[in-house]
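Contents: one structure, followed by commentary.
The values are calculated or read from the model by the stated rules, or taken from the named source; none is laboratory data. Just so you know, these numbers come straight off a predicted model, no measurement behind them. Cβ placement follows ideal geometry from the backbone for every residue including glycine, while neighbour counts extend to all protein chains displayed. Please note that ligands, DNA and RNA were not included when accessible areas were found on the heavy atoms of the full protein model with its side chains. Shrake-Rupley method; radii C 1.70, N 1.55, O 1.52, S 1.80 Å.
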Amino acid sequence: MDIVLLFPGQGSQKPGMGKDLVEAFPEARTVFERADATLGASISRLCFDGPAEELTLTHNAQPALLAHGAAVWAVAQERIGPSVRAAAGHSLGEFTAFHAARAMSVDDALRVVRRRGELMFESGVRRPGAMAAILGDLRESIENVCERATRDGGLVVPANYNAPGQTVISGEANGVERAMALAKEAGAKRAMRLNVSGAFHSPLMQTAQDGLTEILAITPMRDPAFPVYANVDGAPVTTAAGARERLVRQLTSPVRWTEEVQALARDFGDALAS
């Protein structure tokens, strides 16, 4: 059976994650110990015990999720590794996917995502923004809704195409509020603000790109051992150069998760997602 790996992004963290894994598998314990040593902070304590408010901070949540994903992969690799044909990850999860594909060591991936989280937080401070989830089918495209809201209230763009009927928008707070109202008028079942520290996957993250480019440029990377499908275009990435380029673009580009999953289903129709 062919297997495709899928890794979650920011927002899926919660206190207690990984604790049972570490208690059961030495491979997972090793990953968390390396994470603590690499970052000079007890990411394992945050994952296992919280508090949730501290774990949710962008610069903590990102390395915590990568450590957890890497620990899961360390346990699963020997059992399913030969059957893996491709991988993908939502936003932060794309970094975990490249680690699983042996494009980055766990130590290097942790350092990169810790810096990514810091840069994104700093961008959110410089250019405060907001995000909101739009649920339900609309009578007009979400792109049109965002264009109208941008004219009326401030810059707002689609940020995550998560599934048909589920899109996240991102941008300046007034623009997001206006887009939420317009989406409801266009038939959205729900439009709700998200508890985030910035307008992720929008042009407001532009100031973080230079810093991420710099750290990726000095981070050792190899060509992935299997294709990693990219958030920005849904296409398979097979080179280290392609990985660096997509990961930088991802900061200000929408996560095209629906296209990504459709591409994986097209290319690996009989595969099991893990």
**Request:** Just the ratio, please: alpha-carbon radius of gyration of segment 52-184 over 2.2 N^0.38 Å, N its number of residues.
**Result:** 1.27
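Please report, in whole Å³, the volume per residue of the convex hull around the C-alpha atoms of the chain.
Cα convex hull per residue, to the nearest whole number: 120 Å³.
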**Asked** What accessible area per residue comes out for segment 164-274, rounded to a whole number of Å², with a 1.4 Å probe?
**Response** 46
**Item:** Volume per residue of the C-alpha convex hull in segment 107-199, rounded to whole Å³
**Value:** 90
**Fill in**
HN-Hα couplings for segment 125-140 via Karplus (6.51, -1.76, 1.60; θ = phi - 60°), in whole Hz with x for Gly/Pro, come out as 6, 5, 10, x, x, 8, 9, 8, 9, 10, 10, x, 7, 9, 7, 9
**Prompt:** Within a Cβ distance under 14 Å of R126, other residues only, what is the Lys/Arg minus Asp/Glu net charge?
**Reply:** -3
**Item:** Protection proxy ranking of 238-246, 68-76, 127-135 - average other beta-carbon atoms within 10 Å, highest first
**Value:** 68-76, 127-135, 238-246
**Message:** What distance in nm lies between label points placed 7 Å from Cα along the C-beta direction at A241 and A181?
**Reply:** 4.9
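Tell me the net charge near M192. Cut-off is 12 Å between Cβ atoms, M192 excluded, with +1 for each Lys or Arg and -1 for each Asp or Glu.
+3
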**Asked** So what's the angle, to the nearest 10 degrees on a 0 to 90 scale, between helix 206-217 and the longest Cα principal axis of the chain?
**Response** 20
**Message:** Give me the mean projected area, in nm² to one decimal, of the convex hull enclosing the Cα positions of segment 170-274.
**Reply:** 9.0
**Request:** Mind giving me the FRET efficiency for I215 and R249? R0 is 25 Å, r the Cβ-Cβ distance, nearest 0.05 is fine.
**Result:** 0.95
**Complete:** Residue by residue through segment 232-237, the couplings from Karplus 6.51 cos²θ - 1.76 cosθ + 1.60 with θ = phi - 60°, in Hz, x for Gly and Pro, are 6, 9, x, 9, x, 10
**Complete:** Residue-ordered couplings for segment 105-121, obtained by feeding phi - 60° into the Karplus form 6.51 cos²θ - 1.76 cosθ + 1.60 and rounding to whole Hz (Gly and Pro as x), are 5, 5, 4, 5, 4, 5, 4, 5, 6, 4, 5, 4, x, 4, 5, 5, 5
**Request:** Work through the residues other than T150 whose Cβ is under 14 Å from its Cβ and net out their charges, Lys, Arg +1 and Asp, Glu -1.
**Result:** -2
